[in-house]
Amino acid sequence: MLYIIFFIIGSYLAGGIPFGYLAGKMLKGIDIREHGSRNVGATNVLRVIGKGPGIAVYLLDAVKGLLPVLLAQMLWPAATPRQQLFHIAVALAAILGHVFTPYLKFKGGKGVATASGAMLGLAPLPLLAALLVFALVFGLTRYVSLGSICASIVFPIGVAVQLILKGEDPFAPMLAVGWFVVLLILVTHKANIVRLMHGKENRISFKKDQPTK
């Protein structure tokens, strides 16, 4: 039981590594929380620092969600439902670590990148479907927030469809995790949702003179 507790705590601490904050300090000598949307996520890094650092931060944030899940699956394969729940707990710990990072007084990012990495480890096909939806919505609107919200909703639907096609219980724990992630994404994007409703949300532009707010 102790190894489960320590592994979950380790996943939380790994998920909490604020790569966006570190990018601001290392590349520009700034606190990213004082610029743009004041968020430590990849989108704000892209706006404030640039495309390359933004993409790098997204990938690093995704990896810190994926690696704990893959390591847990490798060390303790899910031969029983209890072990599957352990993998799910590891994924959630990494995601919550990003959103409530202990390194920045529990104020982190919005969880999208880390959740995508963790869910890639748990349910790769539904995650790929969600990423396709994100790419489509973002390509049409240039709203990262809208793409993220739509993708998060598609993920649990994809999980349910996959479970049904495999003849398994569609109300498995993995489906509950999917909807929990949807709720988390909605909560962390509440300000974005308000701006979207009022037509004031910022679009992502890849032009050099893009706004930083």
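None of the figures in this text is laboratory data; all of them are computed from the coordinates on show. The shown structure was predicted, so the numbers you read here are calculated from the model rather than taken from an experiment. Virtual Cβ from ideal backbone geometry, glycine too; neighbours counted across all protein chains shown.
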- Please give, to one decimal in nm, the separation of the simple spin-label points placed at residue 194 and residue 169, each 7 Å out from Cα toward the Cβ. 4.0
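Kindly put 21, 3 in sequence by how many other C-beta atoms sit within 10 Å of each C-beta, fewest to most.
With the sparsest Cβ surroundings first, the list reads 3, 21.
Dividing the alpha-carbon Rg of the stretch 124-211 by 2.2 N^0.38 Å yields what? List each step's numbers first, then the result.
Numbers: Rg = 15.1 Å, N = 88, 2.2 N^0.38 = 12.1 Å.
Taking N as the residue count of the stretch 124-211, the ratio is 1.25.
List the DSSP H helices in the chain whose Cα atoms stretch 30 Å or more along the helix axis and whose mean Kyte-Doolittle hydropathy is at least -1.0. Walk me through the numbers on the way to the answer.
Values: long enough: 51-75 (36 Å, 1.22); 144-165 (31 Å, 2.13).
Helices meeting the criterion: 51-75, 144-165.
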- Using a Gaussian network model of the chain whose springs link C-alpha atoms within less than 10 Å, name the residue from 129, 94, 62 with the highest mean-square fluctuation. 129
- Query: What length, rounded to one decimal in nm, is gained on full extension from residue 27 through to residue 5, with 0.36 nm per residue of separation minus their alpha-carbon distance?
  - Reply: 4.4 nm
- Item | More than 21 Å apart - percent of Cα-Cα pairs taken over the chain | 53
